[in-house]
Amino acid sequence: MPDMDKTRILITGATGYIGRRLKNRLLAHQDYQLRLFVRNKRKVGEKARQSVEIVEGDTFNTEKLAQALAGIDVAFYLIHSMGADKDFKSLDKVSAENFRDACINAGVKKIIYLGGLGVKETASKHLLSRIETGEILSGRPDDISTIWIRAGVIIGSGSASFEIIRNLVQKLPVMVTPKWVNTKTQPIAVDDVLSYLEESVKVENTGNVVVDIGSDVMGFKEMVIAAGHAMGLKRFIIPVPVLSPRLSSYWLVLITTVPFKMAAALVEGLKSETVQQNDNAALLFPAIKPMSFIHAVEHAINEIEKDQVVSRWCDSSAGEVCDILDQDDPSSAVIRDRRMVEFGNVAPEKVFRSALAIGGQRGWYKYNVLWRLRGAIDKMVGGYGLNRGRRVSGELRIGDALDFWKVADIKPNKRLLLLAQMKLPGKAWLEFVIEGDILVQTAHFYPRGLMGRLYWYSTLLFHNLVFQDLAEKIVKQARESS
């Protein structure tokens, strides 16, 4: 039942990088009543599911959208189609129009949108789509107010921009880079972005306003060098005029955790200057003083080192492969590799906890080199690869990325199901089930045509090595921790 004394807020994109963190911020307010609009409610944490109302759907389903917006005062629009495999520009346009019109029909007082800095004349394709999204959302000022927050490079644990910078700094003492590394932008800490979004709820309805946010003006070169200082590393950058955006994207793919499509979009965006075009942040939010770039880097590193990463860039996306809705049933698989290992008197919860700890920095046990080889091949053909890692070391939740897997299902102390996100001629899962005193590990595969079957049978030798070792090592790890 709605509490009419509270401000009723809807968050779209609540399982994404910004949305998860904003949800946690707003839950701390006693005078707010939250509702989440998500494609898959199972990706929302158990604690949050008990505290908020959840509507499952997307902005292309107008009936579900109307249901999500009923009785809402303030609506956050935190979604975009950057990861989509299809026409992201058209998807962004339709999504924004549907959302704006549904907000007006529902009597919503205010839309708050997080977009990107930049100007239309020089913006990349993805940034241009974000700008046009803001124009659409604010296109009916007589009917609804819109606060359009525009940020540049967001620095925080788990953000795509920060993971790229961190990987480059940690792995390359000397970098040969394109000349556009000197293009200016204004990075901002994710905590500051959240503060602006949070405070926007309280801003009185004064019509549409665009709020550009950021800290110091810097080039990508300066950011890499400054991040090196924050990590205690001295780095050298040599700009050259011969590296094309496509070559630069492949270079980022090999060194960092992002896949080719995202690397290409980020590289294209770095070619355009993204700096503040107004001072509305200081006028409307004088109490918010953005932290310096180095402070933001230090804070992000501290969260990583303490295993306190709340969200990552790969938590959610418009890409079909990045979501796990209806992906928790591998019964369609026609080929399976099943391994069974008894664990005797070891507590089942310890075995399950050991299964939850695989991958990331721990790796994949004895045949880790074979797993890494498969990850390298995946990177070369445009996949995620193995170096995406994991959010934190000892915990998984539905929707988490785990190297080139995605967590499709968890039933505590009973079942862990991973959906393969590597490039495959088919569809694959890796499942761990506790049955009595036995760990049952099953690789499920649904081949796509003849190539799918040839792929599976050509890798049988490797499967025999890596899958048996993985199951045995999970039980061994649990036994040693007893």
Worksheet item: What helices (runs of 4 or more DSSP H) lie completely within region 1-77 and have 3 or more residues being at pLDDT below 95 and within 30 Å of A189 (Cβ to Cβ)?
Response: 17-27, 46-49
Discussion item. Can you say whether K379 is more than 20 Å from E431 (Cβ to Cβ), part of a helix (DSSP H, G or I), touching a residue at least 12 places away in the same chain (Cβ under 8 Å) and open to solvent by less than 60 Å² (accessible area, probe 1.4 Å), as far as the supplied structure shows?
Written reply: yes
Practice prompt. Report yes if K179 is surrounded by fewer than 18 Cβ atoms within 10 Å (Cβ to Cβ) and at pLDDT 90 or above, otherwise no.
Written response: no
Response to the item:
Residue hits (region 103-130; outside any loop (DSSP other than H, G, I, E, B), surrounded by 21 or more Cβ atoms within 10 Å (Cβ to Cβ) and among the hydrophobic types (A, V, I, L, M, F, W, C)) are C103, I111, I112, L114, L127
Worksheet item: Is it true that some residue in region 7-22 is open to solvent by 60 Å² or more (accessible area, probe 1.4 Å) and not small (G, A, S)?
Response: no
Item to complete: Kindly provide the set of residues from region 273-287 that are within 17 Å of V119 (Cα to Cα), buried (at least 16 other Cβ atoms within 10 Å of the Cβ) and out of contact with any Gly (no Cβ under 6 Å at 6 or more places or on another chain), ordered by number.
Response: E273, V275, N280
Worksheet item: Looking at region 421-433, which of its residues are buried (at least 19 other Cβ atoms within 10 Å of the Cβ), out of contact with any Phe, Trp or Tyr (no Cβ under 6 Å at 6 or more places or on another chain) and assigned to a strand (DSSP E or B)?
Response: W429, L430, E431, F432
Worksheet item: What number of residues within region 342-371 satisfy the criterion of being aliphatic (A, V, I, L, M) and under 17 Å from N387 (Cβ atoms)?
Response: 3
Practice prompt. Kindly provide the set of residues from region 190-212 that are part of a strand (DSSP E or B) and open to solvent by 10 Å² or more (accessible area, probe 1.4 Å), ordered by number.
Written response: V209, V210
Practice prompt. Within region 163-189, count every residue that is part of a strand (DSSP E or B) and β-branched (V, I, T).
Written response: 5
Worksheet item: Residues in region 140-149: is at least one within 24 Å of I213 (Cα to Cα), open to solvent by 50 Å² or more (accessible area, probe 1.4 Å) and touching a helix residue (DSSP H, G or I) at 6+ places or on another chain (Cβ under 7 Å)?
Response: yes
Worksheet, complete the sentence: When V94 is run through (1) farther than 21 Å from Q33 by Cα; (2) modelled with pLDDT of 90 or more; (3) crowded, with 18+ Cβ neighbours inside 10 Å, the failure sits at (3)
Worksheet item: Out of all the residues in region 35-65, which are aromatic (F, W, Y) and either surrounded by fewer than 17 Cβ atoms within 10 Å (Cβ to Cβ) or free of Cβ contacts under 8 Å to residues at least 24 places away in the same chain (or both)?
Response: F60
Response to the item:
Within region 438-459, residues being surrounded by fewer than 18 Cβ atoms within 10 Å (Cβ to Cβ) and either over 18 Å from W364 (Cβ atoms) or modelled with pLDDT of 95 or more (or both) number 12
Item to complete: Working only within region 152-163, note down all residues that are open to solvent by 10 Å² or more (accessible area, probe 1.4 Å) and aliphatic (A, V, I, L, M).
Response: V153, I154, A160
Practice prompt. Among the residues of region 350-399, write down those that are within 23 Å of Q308 (Cα to Cα) and acidic (D, E).
Written response: E395
Fill in: Residue selected from region 131-154 under the condition assigned to a helix (DSSP H, G or I) and without any contact (Cβ under 8 Å) to a residue 24 or more places away in the chain, by the criterion nearest to the chain's Cα centre (by Cα)
I131
Item to complete: Only residues that are touching a helix residue (DSSP H, G or I) at 6+ places or on another chain (Cβ under 9 Å) and either loosely packed, with under 14 Cβ neighbours inside 10 Å or small (G, A, S) (or both): list them for region 460-470, please.
Response: L465
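The values are calculated or read from the model by the stated rules, or taken from the named source; none is laboratory data. Please read these numbers as outputs of a predicted model, since none were measured by experiment. Reconstructed Cβ throughout: ideal geometry from the backbone, glycine too, with neighbour counts over all protein chains shown. Just the protein is used for accessible areas: all its heavy atoms, side chains included, with ligands, DNA and RNA removed. Shrake-Rupley method; radii C 1.70, N 1.55, O 1.52, S 1.80 Å.
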